[in-house]
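Values in this text are rule-based calculations from the coordinates and carry no lab data. Here the structure is a predicted model, which is why all the values come from computation and not from measurement. Cβ coordinates were reconstructed from backbone atoms using ideal geometry, including for glycine residues, and neighbour counts include every protein chain displayed.
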Amino acid sequence: MSGEPPARTRPIAATLVVVMALVWGAVLAANGVIALGDARNGDASTWPAVSDLLFACLAVLVAVGAFRVARWGWVLFMTWAVWALTVNLLRVFVFGDPQYLPLVVATLTVFMLTPLDVQVAFGVRNAPNVRLGSSRNPLDRV
Amino acid sequence: MSASVAPGIHSTASDLELLREFEPVVRFTHGESFFPMDVEPYVAASSLWVYHPDDRDEQLVAEGSLTMEELVAPRDAAFGSLFYLRFIGPLGLVASARALDEARTLSKKQDNRFRAGVGRLARGGLLPRLMDGLFSLSLFLRGKVPGATAAAAVLKYADLHRQEERYVYHGRVVRQAGWTVCQYWFFYAYNNWRSGFHGVNDHESDWEMISVYLYEDGDRLVPEWAAYASHDFHGADLRRRWDDREDLALIGNHPVVNAGAGSHASYFKPGEYQAEVPIPIPERLASLVDTAGRFWSRTLGQGGEGPTSRRIPFIDFARADGLVIGPGQEKEWEPNVISEETPWASRYRGMWGLYAQDPIAGENAPGGPMYERDGTPRSSWFDPLRFAELDRVPPPPRELETLEAQVADLEARDTELAGQIGAETDELQRLGAGLGGLTGGTHLAAQYERQQERVTEQSQVVSGLLRERAENRALRESVGRRIERARQGRADGPRDHIRNAMEPVSVGQIRFRRTTEFWAAISISGLLVALAAFLLFAPGDVWAALVVLLIAAVVADSVLRSTYARTVNRIAVILALVSAVVIVVEFWKAVAVAVLVGLALFLVYQRLRELRA
């Protein structure tokens, strides 16, 4: 027996999240760079650029966390998701300025990362007890 | 078989001797104001009332005039009427204030103030705390048994106690199915769990009970089980075997009971017990909440109960750091032997305190030892074995003969089955052969079908007999092993019968940091004040503010209670569900197209895989 803990297998959902986070990070970084250029030309404030760049860094961090199936990555993503969903839902319901793309991305990723088996893989929850369902094999009763 | 466990008592002992031999030692929590008492002074200090079905309360006998004879005098009343005692009369504002003040002074003077410590509020999260607040508010609005009544009861009981300091149990011995049961009924003037110990309810009078179950071994009666009426538990979980040193503490032959503060529930171990009280909500709403819970755990694959749990955590403090009553202790018992011949027990079917008309019933006084609140017989009185699920357990000396008789029955049945199986199998084969003879003739189709049905039925008969034989043999083997164990001493371990052991909550679970407890105490009020401020100063943004405040409060709460990951997951899923609805409503055509195209691609993929295979 080796003393090494068993390696965590990466669920497909985590791989998809890595891809989505990288794409989203790239989009935000591009936006940030463009906004920064506008700000340097004096056409706009620097804050949107800084915010986009920060969120791009966050997206890369989420991608790294998801790739390594790390608990902190999952928690970081969920924190970002709560923020993004709250802001975008308020835009829909209160401010009348909906932005559906980030809403769709956040919603899909939340549904990918929250099933119990994915949480177990990320070490957020313990594995549930085994439940024996009914069997279709006539030799088995349960 | 188990005579070495305890010395027992001679079987010719009188009921009183039996009761005294096994009477319990009861340990109370510091701060307890009420102790087991005789019913007579309580009745003498109470008034007798009847509640009429037309919602009218009528006083029948005034306080000071009620005797035990008056109490049990036959009285007719219409269906739906309820008789009840009233220990504390209605209090005006001045009398209430005076009672509260005097009770506080008395508690200080006796150095008997209860300190809960920190913990209860921080245990339940924001939603249970909100529910707790609403529950308290509902009690305030219902005003069934106000706090001043408890204070007045403390003073009145203290007064009775000063006149005559006695600690009484009402003992009863009953013999049933080979068992001798010593029941110890404890009567308290008041249950002040809510007003005195942050619990769920208050009510006038309180009946609690523990039992000791003995069996006859030669000329001795030997104790085998002790059962305590521990709240929130039932059946076999209420009893502990006499040799169970893990849970059942004994001082000589006296079981040790740890009484809950104010609730007077009986526990085996000292400590703080978390009682989870279901939130009283209408049935339809409850079923909606349950459906949401199932959707959460199964459909969304989240497991557990989800954010829709409808229970409020409360603590029953059974710290055992206060007065101790029992043989050789600080205070000793005065037994009062009762039976079905005791008039107050058998002939008074009313409640032993105020009928508060509380629909949840937690604030109504209990009935007596023999009867429930509605006057129907109490099962723990007329069937004390079933109370602790001992009705199915033979006394130890009878166990072996019972098991051997069972084996003999199983063996006889096995022989019988062997004959039946042979005969029925012959019949099945005869029918099967006949079925074979019908094949080939097109004109015999209807007969073939009938014969086929008979064959199927007969096959089921044979299969059933074979199954019964297999099950009986497995049972016989298992019973045989049990007989072997019983012959060697004990068939079961002392704790084998326990399904849910009542365990006090560990100190680590109870004690949260002071900041957490402080946050728990102010969070709901803080939220309400912040919301009021938004309503006043920024009414246009009140909905946005409500959402943001609520999420911020829940997240802050989870950080302090070290449940951040779980909480943030729950919030994210709830928000994602709302978002999904928004997206589907807004882009239903695109969603439908995506689903259809996805389905088509999946089917093509499946079919192509089949072709390749």
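The alpha-carbon atoms of the stretch B:10-387, seen along their principal axes, cover 64, 52, 48 angstrom, with the largest extent given first.
Please work out the FRET efficiency for the pair B:V529 and A:F93, using the Cβ-Cβ distance as r and a Förster radius of 25 Å; give the result to the nearest 0.05.
The pair B:V529/A:F93 has a calculated efficiency of 0.55.
Overall size of the stretch B:540-611 from C-alpha positions, given as principal axis extents largest first: 58, 35, 7 Å.
Among all lysine pairs in the stretch B:10-387 that are eight or more places apart or on different chains, how many have alpha carbons less than 22 angstrom apart? Mind dumping the intermediate values first?
Working: B:K108/B:K156; B:K108/B:K331; B:K109/B:K156; B:K109/B:K331; B:K144/B:K156; B:K156/B:K331; B:K269/B:K331.
Value for the stretch B:10-387: 7.
Counting Cβ atoms of other protein chains within 10 Å of each residue's Cβ and taking the mean over peptide B:93-104 gives 0. Restricting the calculation to Cα atoms, the stretch B:487-590 shows an Rg/Rh of 1.28 when the hydrodynamic-style radius is the Kirkwood one.
Shape summary of the protein assembly as shown, radius of gyration then Dmax from alpha carbon positions: 34.9, 107 Å.
Taking the Cα centre of the protein assembly as shown as origin, work out the dipole magnitude from +1 charges on Lys and Arg Cβ and -1 charges on Asp and Glu Cβ, in debye rounded to 20.
On the way: 77 positive and 87 negative charges, 704 e Å.
So the dipole magnitude of the protein assembly as shown works out to roughly 3380 debye.
Starting from the Cα of B:R485, step 7 Å along the direction of its Cβ; do the same at A:R71; then give the gap between the two resulting points in nm. Here the answer is 3.9 nm between the modelled labels. Each of B:P384, B:L549, B:Q110 was placed along the dipole of chain B (beta-carbon charges, centred on the mean Cα), and the one lying farthest toward the positive end is B:L549. Per residue of A:78-90, other chain Cβ atoms within 10 Å of the residue Cβ number 6 on average. Considering only B:A44, B:L100, B:Y190, whose Cα is most displaced toward the positive end of the charge dipole of the stretch B:10-387, charges sitting on Cβ of Lys, Arg (+1) and Asp, Glu (-1)? The listed residue farthest towards the positive side: B:L100.
Segment B:Q329..B:Q447, full-extension length gain: 33.8 nm, with 0.36 nm per residue of separation and the alpha-carbon distance subtracted.
Taking every C-alpha pair closer than 8 Å and separated by at least 6 residues, the mean separation divided by the residue count of the stretch A:12-121 gives a relative contact order of 27 percent. In this simple spin-label approximation, B:V548 and B:Q429 carry label points 7 Å from Cα along the Cα→Cβ vector, and these lie 8.7 nm apart.
Whole-Hz Karplus values for the stretch B:191-205 come out as 10, 10, 4, 6, 6, x, 9, 6, x, 9, 9, 10, 7, 6, 6 Hz, taken residue by residue from phi with 6.51 cos²θ - 1.76 cosθ + 1.60 and θ = phi - 60°; glycine and proline positions read x.
Shielding value for B:537-548 is 2, the average number of Cβ atoms from other chains within 10 Å of each residue's Cβ. The convex hull built on the alpha-carbon positions of the stretch B:396-488 has an orientation-averaged projected area of 6.7 nm². For the stretch A:12-121, the residue among A:V50, A:T109, A:N88 whose Cα projects farthest onto the positive side of the dipole built from Cβ charges is A:T109. Based on C-alpha pairs under 8 angstrom that are at least 6 apart in sequence, chain B has a relative contact order of 18 percent.
Give me the Å³ per residue figure for the convex hull around the C-alpha atoms of the stretch A:12-121.
Working: hull volume 10.2 nm³, N = 110.
About 93 Å³ per residue, rounded to a whole number.
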